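Quick notes on the structure that follows.
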Amino acid sequence: MGRAFEFRKERKLKRWGHMARTFTKLGKEITIAVKQGGPDVTGNPRLRALMAEARAEQMPKENIERAIKKATESKQGDFKEIIYEGFGPHGIAYLVEAATDNNTRTVANVRSYFNKCGGSLGTTGSVSFMFDRKCTFRVKEKEGIDLEELELELIDYGVEELFRQEEEDKDGNVTPVIVMYGDYSAYGQIQKYIEENGYELISGGFEQIPNVDLKDVTDEQRATLDKLTGMLEDDEDVTNVYTTMKPAEE
């Protein structure tokens with residue numbers, strides 16, 4: 001098992017808070033995907049993956065339609081994907097991904113969270129070199145599948161790491177899931193393999209994986225850092241927060 005497995009294991013498939021925030025995040029990503037690749041899912045692999053994720057999250061159909069409509073209406077403001085870099089207290093690096101139609105508002109909010117917790121918003125490039133952007137897919141595991149053989153086959157498609165985990169939904173049902181990680185540029189060909197070989201796609205997207213040793217902190221330091229992370233994640237413009245903090249031991 002590699003770095004991506006440990007990273008995902010510690011994140012424990014952390015969702016985006018309550019259901020409303022999940023739908024807001026997916027809605028923005030659907031709007032951006034339509035703006036970039038058009039509303040036809042057959043020619044827009046990123047949109048196809050997001051639609052699969054929206055179904056898995058039980059996002060209402062009207063929410064999806066609203067997000068697509070927003071992308072096609074010229075009077076609507078454009079959501080832009082922006083990355084903010086900074087340092088929390090105790091030397092922990094933060095990479096904050098956002099989707100916003102008002103960068104002035106979002107950067108002011110993000111800066112205030114860092115300041116309130118004793119950190120500072122950094123400049124472009126101050127933190128990003130500590131992370132590698134990877135594409136990631138989650139698919140339902142087929143019965144009788146040999147993971148080692150699947151991984152060997154998928155290496156040619158750009159998969160760098162593959163592992164199995166069990167996920168529990170809100171009703172307590174457990175589903176075996178295969179998680180795949182690959183280089184950012186391999187997104188399209190990995191998704192094509194998944195679709196052509198009959199796997200049920202749960203989600204497809206991108207994650208920032210730390211490429212440095214994670215830093216250990218005390219319980220007291222962790223409390224302050226968790227407060228900062230929570231403030232960032234609660235902002236409606238923020239989609240993902242990544243840090244170089246070593247997770248707490250269970």
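The values are calculated or read from the model by the stated rules, or taken from the named source; none is laboratory data. Since the structure is predicted, the reported quantities are computational estimates derived from the model, not experimental observations. FYI the Cβ positions are ideal-geometry reconstructions off the backbone, even for glycines, and counts take in every protein chain you see. Just the protein is used for accessible areas: all its heavy atoms, side chains included, with ligands, DNA and RNA removed. Shrake-Rupley method; radii C 1.70, N 1.55, O 1.52, S 1.80 Å.
What to note about this one:
- Projecting the Cα atoms of Leu162, Phe206, Ile145 onto the charge dipole of the chain (Cβ charges, centred on the Cα centre) puts Phe206 farthest toward the positive pole.
- The share of accessible area on segment 188-250 that comes from carbon and sulfur is 42 percent, using a 1.4 angstrom probe.
- Between Lys142 and Ala223, the simple spin-label model (points 7 angstrom out along Cα→Cβ) gives 5.1 nm.
- Take every pair of alpha-carbon atoms less than 8 Å apart whose residues are at least six positions apart; their mean separation over the length of segment 111-247 yields a relative contact order of 31 percent.
- Amide H contacts for Leu214 (H built 1.01 Å from N in the peptide plane; partners 5 or more residues away or on another chain; cut-off under 5 Å): none found.
- FRET efficiency estimate (nearest 0.05) - Cβ-Cβ, Ser128 to Thr104, R0 30 angstrom: 0.90
- Protein heavy-atom accessible surface, 1.4 Å probe, per residue over the chain: 53 Å².
- When the Cα positions of Thr224, Gly172, Gln189 are compared along the charge dipole of segment 152-250, Gln189 comes out farthest toward the positive end, with charges on each C-beta of Lys, Arg, Asp and Glu.
- Our note on the geometry: Cα centres of segment 80-142 and segment 42-56, 24 Å apart.
- Only the Cβ atoms of Lys and Arg (+1) and of Asp and Glu (-1) were treated as charged; on that basis the dipole of the chain about its Cα centre amounts to roughly 1200 debye.
- Between the amide H of Thr244 and those of Ala93, distances stay under 5 Å, these residues lying 5 or more places away or on another chain, with hydrogens modeled in the peptide plane.
- Site-free segments of the chain were taken between trypsin sites (Lys or Arg not before Pro) in DSSP loops having at most 16 other Cβ atoms within 10 Å, sites themselves excluded; the longest one is 171-250.
- Annotation: extensible slack from Glu236 through Lys61 equals 60.9 nm (criterion: 0.36 nm per residue apart, minus Cα-Cα distance).
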